Amino acid sequence: MHVRNYVALGDSCAEGLDDPYPDGSGYRGWADLAAARLAELEPDLLYANLAVRGRRLDQILAEQVPLATRLRPDLVTLFGGGNDVLQGRWQTRAGAAHLDEAVRTLSEVAHTVVLFTLPDIARRLPGMGRLRPRVDQLNELILATAARHDTLVVDVRQDPWAEDLRLYGDDRLHLGELGHRRVAGHLLSALGMPADDWLVPLPTAEREPSWRTAVRQLRGVRHHVAPAVRDLVRNRIVGRQPGDGFVPKRPELARISRL
């Protein structure tokens, strides 16, 4: 597949949390990794990343889609919806409308549009079982929208290691370095490009005593899940949105130099 202009849209996962560059210059993530690999095959590749942490589907539609259409990409990836189900505002009909309009608009300018499903967040976050029906509904919408507009889908749920904690950061919500590499590998595979080095089977994880697992889960809730919930409540009270003050890390198409 020949790609000249690639634009990534979405939320924190597309932005690259929690996969920092080794030099501390920012977050890398699967989109940067895939762009760098694509640039090996197409040295003149131009890449932009409009994703911003905390963004919901309606915000992606209003803020990022118009910028993406102006850039006239031939490849677009859209990873979003997670914040819709996490922020307690999930409305199936509204989410479907926002996603459909975004994909329809992007499909009018881009030769290839790629969507992504979400793994089962509730399996990694204790006490978050209420999220499972929302995630299931979101994934159904993503698959239906992709079929309706003839876009590609990276169904991360098909990865046997999709729920392996080694793929995630300390908060168990955002992907870590290994997880971002696997998503980049799945994206390249969906585009018909080799990525076997990023999709190798993980070694068998050493089983730990159940008490240690429970302690680790409680620590995760205390240090990551509970503060995140408090922030959501506080932001809702004062009228702030997650990600306020953040801007896209690569707002314009540019050559891959550092990635």
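The values are calculated or read from the model by the stated rules, or taken from the named source; none is laboratory data. Bear in mind that the values here come from a model prediction, so they are computed numbers and not experimental data. For neighbour counting, all protein chains shown are included, and Cβ atoms are generated from backbone atoms with ideal geometry for every residue, glycine included.
Filtering L57, L33, L9, L50 for residues that are over 21 Å from L138 (Cβ atoms) and surrounded by 18 or more Cβ atoms within 10 Å (Cβ to Cβ) leaves a single hit, L33. Pairs are defined by a Cβ separation below 9 Å, a sequence spacing of at least 6 or placement on different chains, a first member in the range 149-163 that is free of Cβ contacts under 8 Å to residues at least 60 places away in the same chain, and a second member that is among the aromatic types (F, W, Y) and not in a loop (DSSP other than H, G, I, E, B); the pairs so defined are V153/F116; V154/F79; V154/F116; D155/F116; V156/F116. Of all the listed residues (A39, A62), the sole one being hydrophobic (A, V, I, L, M, F, W, C), farther than 20 Å from V154 by Cα and without any contact (Cβ under 8 Å) to a residue 60 or more places away in the chain is A62. Does at least one position in the range 64-77 carry a residue that is under 21 Å from L143 (Cβ atoms) and part of a helix (DSSP H, G or I)? Yes, the range 64-77 contains at least one residue that is under 21 Å from L143 (Cβ atoms) and part of a helix (DSSP H, G or I).
Counting only residues that are modelled with pLDDT of 65 or more and either out of contact with any strand residue (DSSP E or B) (no Cβ under 7 Å at 6 or more places or on another chain) or of a type in the set (S, T, N, Q) (or both), the range 244-259 holds 5 of them.
Summed over the range 1-26, residues that are under 22 Å from E42 (Cβ atoms) and part of a loop (DSSP other than H, G, I, E, B) total 5.
Every condition in (1) in contact (Cβ under 8 Å) with a residue 12 or more places away in the chain; (2) touching a strand residue (DSSP E or B) at 6+ places or on another chain (Cβ under 9 Å) holds for G95 except the one numbered (2). Do we have any residue at all in the range 94-114 that's buried (at least 21 other Cβ atoms within 10 Å of the Cβ), touching a Ser or Thr at 6+ places or on another chain (Cβ under 6 Å) and not in a helix (DSSP H, G or I)? Yes, some residue in the range 94-114 is buried (at least 21 other Cβ atoms within 10 Å of the Cβ), touching a Ser or Thr at 6+ places or on another chain (Cβ under 6 Å) and not in a helix (DSSP H, G or I).
In this structure, V183 does not satisfy being modelled with pLDDT of 95 or more, of a type outside the set (D, E, K, R) and assigned to a strand (DSSP E or B). Taking the range 57-113 as the range and being modelled with pLDDT of 95 or more, closer than 20 Å to A144 by Cβ and of a type in the set (S, T, Y) as the test, the residues that pass are T77, T105, S107, T112.
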